[in-house]
Amino acid sequence: MAAAAAAPAPSRKTETYTDTKRRDDVRGANIAAARAVSDAVRTSLGPRGMDKMICSGDQEVIITNDGATIVSRMALVQPAARMLAELSRSQDAAAGDGTTTVVVLAGSLLRRAQSLLSAGAHPTAAADALHRLSTRAVEILHAMAIPIELSDRESLVKSASTALNSKVVSQYSTLLSPLAVDAALSVVDPAHPDLLDLRDIRIVKKLGGTVDDTELVRGLIFDKKASHAAGGPTRMENAKIAVIQFQISPPKTDIEQSVIVSDYAQMDRILREERNYILGMVKKIRAAGCNVLLIQKSILRDAVTELSLHYLAKAKILVVKDVERDEIEFITKTLNCLPIANIEHFRTDKLGYADLVEEVSVGEGKVVKITGIKDMGRTATVLVRGSNQLVIDEAERSLHDALCVIRCLVNKRFMIAGGGAPEIEMSMQLAAWAKELQGMESYCIKEFAEALEVIPYTLAENAGLNPISIVTELRNRHARGEKNAGINVRKGQITNILEENVVQPLLVSTSAITLACECVRMILKIDDIVTVR
């Protein structure tokens, strides 16, 4: 008993064992889920990337290789995997292009992070190193960038072509690139030369023909027919156009009620009142000199009735009905007119003027075309054609990416070489910088610098080249000081990529690296998932 009492008390300084297995499991599961998303889109990177066929539950089919579209359509359950979908969406909002690149980059960084964690590195140390790496990488990219002017149309077309080369409609890039550049430059306001609002460019899709028939229209196009009721006009020269938001139909009471008519005299009186009411409205419209009427779709009651269309046709007024509410702002900006909310406010000064409004046949259907608009606002309309709906949808997405590339160049007027050149240059300069640092940070940055090589590696792999020999050759060229050496997919070798006109906006690369690093840092810092019932 005394001997037991005399035994020394256990030392307080001994390290207590803490079980970190659960944290490691959660982190591992998050990284595995995010990498699975990255691997799914990896094969669609670059000009020789494969396309994905996405089938939804309601039999809708989409064929695309746009990273943002693929990832956003995936039914992701794991929260970390959903973070990669949001990462792709952020890149789409920030730059519009590089949505596949950013997901592949994040997946590669996570793979390296996992090997660092299994080697004993602390997640916080890895996350901090990644933050420093992203800052330094952006500086390297800025040093490589080439300044451009918006007047240099050829450079803008080259950038748009590079964005389109990886799409399903790449064979039409010679048509779509100049079209996208002209559309974008026509809406840039000289008062704000560094702003480009893509909402000022409207894309109208029409089935029939091929993508070759796609055109830029200096005016407006409505994907609907003019009203043919009672033989109304379908062509109007020297048009005076009104955009109305009220209904040309008999009024309804605000509350639900019924009117009981007991004899024919009362019935005749009601019909006569309706006729006089509508006729009065049509006369006011005609008195203002209006001869083209664009009528907003109405929810409460019919915007127009057979009777009102009859009177409008007699007054020789061309009618386009069921104009969507969200199109009104674009239409009024283009026509330089004001929307009219009440018949009492119908005045000449609220009208828009155009040389010609006509209904034209396009493919299987008809569209209403307004051209020669006086004092036209800074907007553009693109009519996209295609042999089937899948091609048209993909052409629209590709055109959006090309427009986004030009928006990037308007916001930040620098270009950078493509073809994996900036990634290899960053990888080599960051690896050299890691040697100057000390301790764990140096080790982490060296590891993450190698992760950037995934882009040229994947480009070579998707093009059917030998990725190891191509990336090794690329490193050699960059070590010799050839900053713009990149993978020429068409020739299957390393060339000066600027001479091949493979260029992209600086903003695409800088936002891809910063967003990918930010997302990976966030995933690394999660050590537990708490479900709340």
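Could you count how many residues in segment 22-66 are of a type in the set (K, R), assigned to a helix (DSSP H, G or I) and farther than 20 Å from I487 by Cβ?
So the answer is 4.
Restricting attention to segment 93-112, report how many residues are within 16 Å of the chain's Cα centre (by Cα) and over 18 Å from S398 (Cα atoms).
Going through segment 93-112 one residue at a time, the tally reaches 1.
Here is a yes/no grid of residues against (1) touching a Lys or Arg at 6+ places or on another chain (Cβ under 7 Å); (2) among the acidic types (D, E); (3) not assigned by the TED database to the domain that holds I487:
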{"site": "D302", "(1), (2), (3)": "no, yes, yes"}
{"site": "N336", "(1), (2), (3)": "no, no, yes"}
{"site": "T348", "(1), (2), (3)": "no, no, yes"}
{"site": "V362", "(1), (2), (3)": "yes, no, yes"}
{"site": "K369", "(1), (2), (3)": "no, no, yes"}
{"site": "N388", "(1), (2), (3)": "no, no, yes"}
{"site": "V391", "(1), (2), (3)": "no, no, yes"}
{"site": "C404", "(1), (2), (3)": "no, no, yes"}
{"site": "K412", "(1), (2), (3)": "no, no, yes"}
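Scan L185, L141, L130, L156 and give me the residue that is assigned to a helix (DSSP H, G or I) and in contact with a Ser or Thr (Cβ under 7 Å, 6 or more places away or on another chain).
L141
Are there any pairs, at least 6 apart or on different chains, whose C-beta atoms fall under 9 Å, with the first in segment 189-206 and in contact (Cβ under 8 Å) with a residue 24 or more places away in the chain and the second hydrophobic (A, V, I, L, M, F, W, C) and open to solvent by 70 Å² or more (accessible area, probe 1.4 Å), and if so, which?
D189/L195
So which of L164, L176 ends up being buried (at least 24 other Cβ atoms within 10 Å of the Cβ), under 25 Å from A463 (Cα atoms), hydrophobic (A, V, I, L, M, F, W, C) and at pLDDT 90 or above?
L176
Where residues in segment 337-385 are without any contact (Cβ under 8 Å) to a residue 60 or more places away in the chain and in a strand (DSSP E or B), which of them is least open to solvent (accessible area, probe 1.4 Å)?
Checking each candidate, the answer is V360.
Condition first: open to solvent by 10 Å² or more (accessible area, probe 1.4 Å) and at pLDDT 90 or above. Now tell me which residues in segment 416-437 satisfy that.
Listed by number, the residues that qualify are E423, E425, M428, Q429, A431, A432, W433, K435, E436.
Residues are listed down the side, and each one gets a yes or a no for (1) under 42 Å from the mean Cα position of the chain (by Cα); (2) closer than 30 Å to L318 by Cα:
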{"site": "P251", "(1), (2)": "no, yes"}
{"site": "Y264", "(1), (2)": "no, no"}
{"site": "M267", "(1), (2)": "no, no"}
{"site": "R275", "(1), (2)": "no, yes"}
{"site": "I278", "(1), (2)": "no, yes"}
{"site": "K284", "(1), (2)": "no, yes"}
{"site": "A288", "(1), (2)": "yes, yes"}
{"site": "L294", "(1), (2)": "yes, yes"}
{"site": "I299", "(1), (2)": "yes, yes"}
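If you take the residues of segment 315-336 that are of a type in the set (K, R) and under 29 Å from the mean Cα position of the chain (by Cα), which of them is least open to solvent (accessible area, probe 1.4 Å)?
K333
Are any residues in segment 480-493 under 15 Å from G46 (Cβ atoms) and either small (G, A, S) or touching a helix residue (DSSP H, G or I) at 6+ places or on another chain (Cβ under 6 Å) (or both), and if so, which ones?
If the condition is that a residue be under 15 Å from G46 (Cβ atoms) and either small (G, A, S) or touching a helix residue (DSSP H, G or I) at 6+ places or on another chain (Cβ under 6 Å) (or both), then G486, I487, G492 are the ones that fit.
Can you name the residue in segment 144-153 that is outside any loop (DSSP other than H, G, I, E, B) and in contact with a Leu (Cβ under 9 Å, 6 or more places away or on another chain) and, of all such residues, is least open to solvent (accessible area, probe 1.4 Å)?
Among those residues, the one meeting the criterion is M144.
Looking at (1) assigned to a strand (DSSP E or B); (2) open to solvent by 60 Å² or more (accessible area, probe 1.4 Å); (3) farther than 22 Å from C404 by Cβ, find the lone condition where K205 falls short.
(3)
Of all the residues that make up segment 468-506, how many are open to solvent by less than 60 Å² (accessible area, probe 1.4 Å), polar (S, T, N, Q) and touching a residue at least 24 places away in the same chain (Cβ under 8 Å)?
Residues meeting the conditions: 3.
I need a count of the residues in segment 417-441 that are farther than 23 Å from H142 by Cα and without any contact (Cβ under 8 Å) to a residue 12 or more places away in the chain.
Going through segment 417-441 one residue at a time, the tally reaches 2.
If I filter segment 255-270 for residues that are assigned by the TED database to the domain that holds K321 and touching a Leu at 6+ places or on another chain (Cβ under 9 Å), do I get at least one hit?
no
Scan (1) over 13 Å from the mean Cα position of the chain (by Cα); (2) more than 30 Å from A449 (Cβ to Cβ); (3) surrounded by fewer than 24 Cβ atoms within 10 Å (Cβ to Cβ) for the single condition N411 breaks and write down its number.
So N411 meets the others, but not (2).
Does G96 meet the test of being in contact (Cβ under 8 Å) with a residue 60 or more places away in the chain, in a loop (DSSP other than H, G, I, E, B) and on the phi > 0 side of the Ramachandran plot?
yes
Looking at this structure, is Q504 on the phi < 0 side of the Ramachandran plot, touching a Gly at 6+ places or on another chain (Cβ under 9 Å) and of a type outside the set (A, V, I, L, M, F, W, C)?
yes
Mind telling me which of the residues I340, I331, I317 ends up being farther than 26 Å from L383 by Cα and in the same structural domain as F246 (by the TED database)?
I340
How many residues are assigned to a loop (DSSP other than H, G, I, E, B) and crowded, with 16+ Cβ neighbours inside 10 Å if we restrict to segment 289-314?
Summing the residues that are assigned to a loop (DSSP other than H, G, I, E, B) and crowded, with 16+ Cβ neighbours inside 10 Å in segment 289-314 gives 5.
Out of curiosity, is L185 at pLDDT below 90 and closer than 20 Å to K333 by Cβ?
Here the answer is yes, as L185 does meet what is asked.
The values are calculated or read from the model by the stated rules, or taken from the named source; none is laboratory data. Quick caveat: nothing in here was measured; it's all calculated off a predicted structure. We place every Cβ from the backbone using ideal geometry, glycine too, and count neighbours over all the protein chains shown. Each accessible area value is taken on the protein alone, full model and side chains, heavy atoms only, with ligands, DNA and RNA left out. Shrake-Rupley method; radii C 1.70, N 1.55, O 1.52, S 1.80 Å.
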